[in-house]
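Enquirer: Next up is a structure, given as structure tokens.
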Amino acid sequence: MKFDEELLIPRRKTRQVKIGNVLMGGDAPVVVQTMAKTKTSDPDATIAQIHAIQQAGADMVRVAVPDEACAKALGWIRLNIQIPLIADIHFNAKFAMIALEQGVDKLRLNPGNIRNEGKIRDIVRAAKERGVPIRIGVNAGSLDPDIKERYGMTPRALIESAKRELSYFDKEGFGDVVISLKASDVKTCIAAYQLAAEELDDYPLHLGVTEAGITRIGTVKSAVGMGVLLGQGIGDTLRVSLTGDPVDEVKVGWDILQSLELRRRGPNVISCPSCGRCDIDVVPLAIQVNAAAEGISAPISIAVMGCEVNGPGEAKSADYGVAGGNGISLIFRKGQVVARATPENQLKALMDVIHEDLAKEPVAVEE
Ligand code: SF4
């Protein structure tokens with residue numbers, strides 16, 4: 001499926017930063033990332049979770065480094081995964097130094113939790129020597145006390161915290177920087193990133209609504225917060241934070257990008273909400289089609305429509321579709337009816353057509 005070029009969203013111009021083998025900023029696609037939720041000091045569990053995260057489509061992954069055992073496990077984890085590894089550092093500058101020695105691809109520093117300028121500049125010098133980028137990860141929940149006192153938990157406070165940290169980086173002539181300004185309040189987040197786009201240099205921005213909540217509300221807050229910003233061309237990478245499985249965070253991240261046609265990965269299943277006109281049981285069918293489409297990596301569109309009112313129109317404009325009608329469902333391929341099926345075999349009939357085509361002509365994955 002080709003995107004309509006007139007509808008493509010112009011993106012804010014940012015400098016490009018290389019994290020392992022992944023480019024972020026500039027003309028690179030918006031990078032999807034998440035965070036492992038295992039103990040980093042348990043490398044086997046962490047590697048297994050990162051493999052699941054990779055499989056779901058994460059471009060890179062961050063892990064917590066709360067102690068020396070975690071920092072020392074990073075090298076082995078790095079060796080056993082295929083996506084860049086980011087060390088998340090709070091409080092202890094020593095762990096950042098160990099993480100760099102272990103070969104991580106990026107550091108995240110929380111300015112509110114390491115406040116000593118000398119120690120920060122030591123980390124920056126070591127990162128510069130190794131060519132490792134750093135994210136300045138400001139968080140509304142851990143601001144410098146003086147900044148919090150002066151500005152409160154406001155977008156301005158988040159920006160001032162980033163500016164103070166940047167001033168230390170500037171003294172070391174270090175520009176491989178990504179910035180995030182996270183808050184759990186969606187409006188604060190949006191305003192902070194909008195200010196960053198205006199006031200900070202051309203650093204790539206890492207989007208996130210922190211502590212967004214369990215899957216339903218967390219997905220909504222993330223989609224609203226990041227959707228507004230991405231729709232304005234702001235944001236070079238995103239992390240969805242859910243109280244749940246990191247694989248879901250990756251899936252929601254991709255869904256946000258796909259909704260705005262910023263990236264495509266795998267099928268886009270369009271399904272009607274169903275109503276009293278529905279001629280087929282569209283809810284279970286849509287769930288089954290989504291499940292059946294999970295294993296497909298080609299960026300095809302599939303429509304699942306309940307009746308003849310909008311069904312044929314939507315199903316025709318998708319690559320593939322099924323539309324209910326009078327006990328017989330119509331199966332579409334690129335606008336043409338290619339099969340008729342009973343409700344009992346409509347799922348198989350639809351998927352047979354799709355798999356037949358994919359077997360003949362594998363579709364390149366657009367990302
Ligand atoms: Fe109702 Fe038909 Fe529209 Fe589905 S496509 S919501 S069944 S009118």
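The values are calculated or read from the model by the stated rules, or taken from the named source; none is laboratory data. In this text the structure is predicted, and so the values were computed from the model without any measurement. Cβ placement follows ideal geometry from the backbone for every residue including glycine, while neighbour counts extend to all protein chains displayed. The protein model used for the area step is the full one, side chains on, heavy atoms only, and it has no ligands, DNA or RNA in it. Shrake-Rupley method; radii C 1.70, N 1.55, O 1.52, S 1.80 Å.
Enquirer: So what is the relative contact order for the chain, in percent, with contacts set as C-alpha pairs under 8 Å and at least six apart?
Expert: Working: 759 pairs, mean separation 47.9, N = 367.
Over the chain, the number comes to 13 percent.
Enquirer: Just Pro145, Pro29, Pro246 to compare: in a GNM of the chain, with alpha carbon springs under 10 Å, which one fluctuates most?
Expert: Among Pro145, Pro29, Pro246, the largest mean-square fluctuation in the Gaussian network model of the chain belongs to Pro145.
Enquirer: May I pose another question? What does the charge dipole of region 1-127 about its Cα centre add up to, to the nearest 20 debye, if the Cβ of each Lys and Arg holds +1 and the Cβ of each Asp and Glu holds -1?
Expert: Details: 18 positive and 14 negative charges, 85 e Å.
Once rounded to the nearest 20, the dipole reads 400 debye.
Enquirer: Given Cα pairs under 8 Å that are at least 6 residues apart, what percent is the relative contact order of region 185-299? Don't jump to the answer; show the numbers that get you there.
Expert: Working: 132 pairs, mean separation 24.4, N = 115.
Worked out over region 185-299, it gives 21 percent.
Enquirer: Positive end of the dipole of region 106-170, charges at C-beta (+1 Lys, Arg; -1 Asp, Glu), about the Cα centre: which of Ile134, Ser167, Gly152 has its Cα farthest in that direction?
Expert: Positive-end residue among those listed: Ile134.
Enquirer: Report, to the nearest 10°, how far helix 246-259 tilts away from the longest principal axis of the Cα atoms in the chain, using its own Cα long axis and a range of 0 to 90°.
Expert: Helix 246-259 and the main axis of the chain meet at about 70 degrees.
Enquirer: Taking the Cα centre of region 106-253 as origin, sum charge times position over the Cβ atoms of Lys and Arg (+1) and Asp and Glu (-1), and report the length of that vector in debye to the nearest 20. Don't skip to the end; give the middle numbers.
Expert: On the way: 21 positive and 21 negative charges, 52 e Å.
So the dipole magnitude of region 106-253 works out to roughly 240 debye.
Enquirer: In degrees from 0 to 90, rounded to the nearest 10, what is the angle of the helix 215-231 Cα long axis to the longest principal axis of the chain?
Expert: The helix 215-231 is inclined about 80 degrees to the chain.
Enquirer: Could you tell me the center-to-center distance, by alpha carbons, between region 335-356 and region 174-224 in angstrom?
Expert: Centre-to-centre (Cα) distance: 43 Å.
Enquirer: So what's the angle, to the nearest 10 degrees on a 0 to 90 scale, between helix 155-171 and the longest Cα principal axis of the chain?
Expert: 60 degrees
Enquirer: Would you work out if region 137-239 is rounded, prolate or oblate? Take a ≥ b ≥ c from the square roots of the eigenvalues of the alpha-carbon gyration tensor; rounded if a/c is under 1.5, else prolate when a/b is larger than b/c, oblate otherwise.
Expert: Details: a/c = 2.05, a/b = 1.37, b/c = 1.49.
The shape class here is oblate.
Enquirer: Further, regarding this structure: Using the heavy atoms of the protein chains alone and a 1.4 angstrom probe, what is the accessible area of the chain per residue in square angstrom? The partial results should precede the final answer.
Expert: Numbers: 16240 Å² over 367 residues.
Result: 44 Å² of accessible area for each residue.
Enquirer: Which entries in Lys128/Lys171; Lys94/Lys171; Lys39/Lys221; Lys119/Lys182; Lys72/Lys128; Lys72/Lys94 show an alpha-carbon gap greater than 19 Å? Present the calculation step by step, with values, prior to reporting the outcome.
Expert: Numbers: Lys128/Lys171 12 Å; Lys94/Lys171 21 Å; Lys39/Lys221 27 Å; Lys119/Lys182 23 Å; Lys72/Lys128 21 Å; Lys72/Lys94 11 Å.
The answer is Lys94/Lys171; Lys39/Lys221; Lys119/Lys182; Lys72/Lys128.
Enquirer: On to the next question. For a test of the definition: using alpha carbon positions, the gyration tensor, and the 1.5 limit on a/c, classify region 1-125 as rounded, prolate or oblate. Could the numbers behind the result be given before it?
Expert: Details: a/c = 2.58, a/b = 1.42, b/c = 1.82.
Taking the square roots of the gyration eigenvalues as a ≥ b ≥ c, region 1-125 is oblate.
Enquirer: Please find, in a Gaussian network model of the chain (springs between Cα atoms separated by less than 10 Å), the residue of Asn326, Asn80, Asn110 whose mean-square fluctuation is greatest.
Expert: Answer for the Gaussian network model of the chain: Asn326.
Enquirer: Now for a different question. Summarise the accessible area of region 220-367 (1.4 Å probe, protein heavy atoms) by the percent that is carbon and sulfur. Spell out each step's value before the answer.
Expert: Numbers: 3420 of 6710 Å².
Of all accessible area on region 220-367, carbon and sulfur atoms account for 51 percent.
Enquirer: Mind checking the dipole of the chain: about its Cα centre, +1 per Lys or Arg Cβ, -1 per Asp or Glu Cβ, Debye to the nearest 20?
Expert: Working: 43 positive and 48 negative charges, 135 e Å.
Dipole size: approximately 640 debye.
Enquirer: Which chymotrypsin sites (Phe, Trp or Tyr not before Pro) does region 1-106 hold that lie in a coil by DSSP with at most 15 other beta carbons within 10 Å?
Expert: Numbers: sites: Phe3, Trp76, Phe91, Phe95; in loops: Phe3, Phe91.
For chymotrypsin sites (Phe, Trp or Tyr not before Pro) across region 1-106 that sit outside H, G, I, E and B with at most 15 neighbouring Cβ atoms in 10 Å, the list reads Phe3, Phe91.
Enquirer: Can you run phi through the Karplus equation (6.51, -1.76, 1.60; θ = phi - 60°) for region 126-138 and list ³J(HN,Hα) in whole Hz, with x for Gly and Pro?
Expert: 5, 5, 4, 4, 9, x, 9, x, 10, 9, 8, x, 6
Enquirer: Another question about this same structure. Which shape class applies to region 72-219: rounded if a/c is under 1.5, otherwise prolate when a/b exceeds b/c and oblate if not, where a ≥ b ≥ c are the square roots of the Cα gyration tensor eigenvalues?
Expert: Numbers: a/c = 1.82, a/b = 1.30, b/c = 1.40.
Judged from the Cα gyration tensor, region 72-219 comes out oblate (a/c at least 1.5, b/c at or above a/b).
Enquirer: Picking from Gly295, Met351, His90, whose Cα lies most toward the positive end of the charge dipole for the chain (charges on Cβ: Lys, Arg +1; Asp, Glu -1)?
Expert: Value: His90.
Enquirer: Anyone know which of Pro284, Pro155, Pro267 comes out most mobile in the 10 Å Cα GNM of the chain?
Expert: Pro284
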